[in-house]
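Novice: Just dropping this structure here.
The values are calculated or read from the model by the stated rules, or taken from the named source; none is laboratory data. In this text the structure is predicted, and so the values were computed from the model without any measurement. Using ideal geometry, Cβ is built from the backbone for each residue, glycine included, and neighbour counts are taken over all protein chains shown.
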Amino acid sequence: MNLQYLRYALEISRTGSISKAAENLSVAQPNLSRAVKELESQLGISIFERTRTGMTVTPEGERLLSAGDRILREVGELETMFDGETLPRESLSVMAAPAAYLSHAFVSFCASLPEDTIYETRYSEGDLTETLDAVMSGTVKLGTIRIPVHFEKYYTDKLTAKELKYETVTEFSPVILAGLGSPLAGKDTVTPVALGELCRVVSPEALPLEWNRSDATVKKEITVTDRATAYALLVGDPTLCVVAPPMPAFLAAQLGLVQRPCFDTTLYRDLLICRKDYRLTATDEAFLRALKGTARAIKD
């Protein structure tokens, strides 16, 4: 159906005259008459009865014009939906290595957004391969990956070959996360024997441990697919722990967790990556500041 013809028919109905409607619409009368006939032909109904005193709407025409008026008003609302929108639009898309400090940085970034800008933000977590693929394909603009420092050259060469640029966000060694009621809460450092007395929770952020298994063995492992469930397990069961990246002390307190240095001092580095041809926007820079601020809070 031609919506313009529907507008013509509504104006004829309003004025009761083709000549008056043609004048109001700035349309030649023959063209207006032809448009109405085409509309009637398309629908297989008579919209108007032509009388000596003007144009009278038929019952079928009443139903059409009533529905048509509603449709045209909705179309008008749709067309003008963004007319008054003058606020600038910014976007941020990130795929991050699983870590509480990284997701907290995103939360801090979102909380600091000014109200005079419209933001479209997307944050997800992924492993190294998923993040590389997402950044290279343009699915996300920014990514963070985690690499062991003793294999740094292998990974940085790989990034260069894939035409990705990178910069360091933070470096850390693993910590042991546990609930406040855990026996680890009173220890300064977790030894292999102390760890062997607990059960391990394996979550997306969990780090591998390098240790001599003859020192102690883990009683059992519980595998979960998200950090929230892992943290809930730690809070609810003092016999559980997670080997993970460190988080700011205030965040651990909010989550009801303690974190203790681990006997495994393997050094990891989290890198921010993006395509070599991508230039960071002001929004990206704001997120990066929040990211580095949260990373610094880990060391405070």
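Novice: Just checking, does the range 243-253 include any residue being touching a Lys or Arg at 6+ places or on another chain (Cβ under 7 Å), free of Cβ contacts under 8 Å to residues at least 40 places away in the same chain, not assigned by TED's automatic domain parsing to the domain that holds THR294 and not β-branched (Val, Ile, Thr)?
Specialist: No, because not a single residue in the range 243-253 is touching a Lys or Arg at 6+ places or on another chain (Cβ under 7 Å), free of Cβ contacts under 8 Å to residues at least 40 places away in the same chain, not assigned by TED's automatic domain parsing to the domain that holds THR294 and not β-branched (Val, Ile, Thr).
Novice: For the range 219-300, which fully contained strands (runs of 3 or more DSSP E) count at least 3 residues that are farther than 21 Å from THR168 by Cβ?
Specialist: It comes to 221-223, 240-244, 257-261.
Novice: Of everything in the range 246-267 that's of a type outside the set (Lys, Arg) and touching a Leu at 6+ places or on another chain (Cβ under 7 Å), which residue is nearest to ARG146 (Cα to Cα)? Explain how you work it out, then say what you get.
Specialist: Applying the first criterion (of a type outside the set (Lys, Arg)) to the range 246-267 yields 246-259, 261-267.
Checking which are touching a Leu at 6+ places or on another chain (Cβ under 7 Å) leaves us with 256-259, 264.
Working: GLY256: 25, LEU257: 23, VAL258: 23, GLN259: 20, ASP264: 17 Å.
Going through the qualifying residues, I end up with ASP264.
Novice: Restricting to the range 125-138, what's the tally of residues that are surrounded by 15 or more Cβ atoms within 10 Å (Cβ to Cβ) and more than 19 Å from THR160 (Cβ to Cβ)?
Specialist: 3
Novice: Which of the residues belonging to the range 161-196 are free of Cβ contacts under 8 Å to residues at least 24 places away in the same chain and within 23 Å of VAL224 (Cα to Cα)?
Specialist: Matches in the range 161-196: ALA194, GLY196.
Novice: Hey, another quick one. From the list ALA9, ALA99, ALA67, ALA35, pick out the single residue that is within 30 Å of THR229 (Cα to Cα) and within 49 Å of the chain's Cα centre (by Cα).
Specialist: Details: ALA9 fails: within 30 Å of THR229 (Cα to Cα); ALA67 fails: within 30 Å of THR229 (Cα to Cα); ALA35 fails: within 30 Å of THR229 (Cα to Cα).
Just one listed residue meets the conditions, ALA99.
The rows are residues; the columns are (1) without any contact (Cβ under 8 Å) to a residue 40 or more places away in the chain; (2) more than 15 Å from LEU6 (Cβ to Cβ).
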residue: LEU25; (1), (2): yes, no
residue: VAL36; (1), (2): yes, no
residue: SER41; (1), (2): yes, no
residue: GLY44; (1), (2): yes, yes
residue: THR53; (1), (2): yes, yes
residue: GLY61; (1), (2): no, no
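Novice: Please tell me if GLU120 is under 12 Å from the mean Cα position of the chain (by Cα), in the same structural domain as ASP284 (by TED's automatic domain parsing) and crowded, with 19+ Cβ neighbours inside 10 Å.
Specialist: Here the answer is no, as GLU120 does not meet what is asked.
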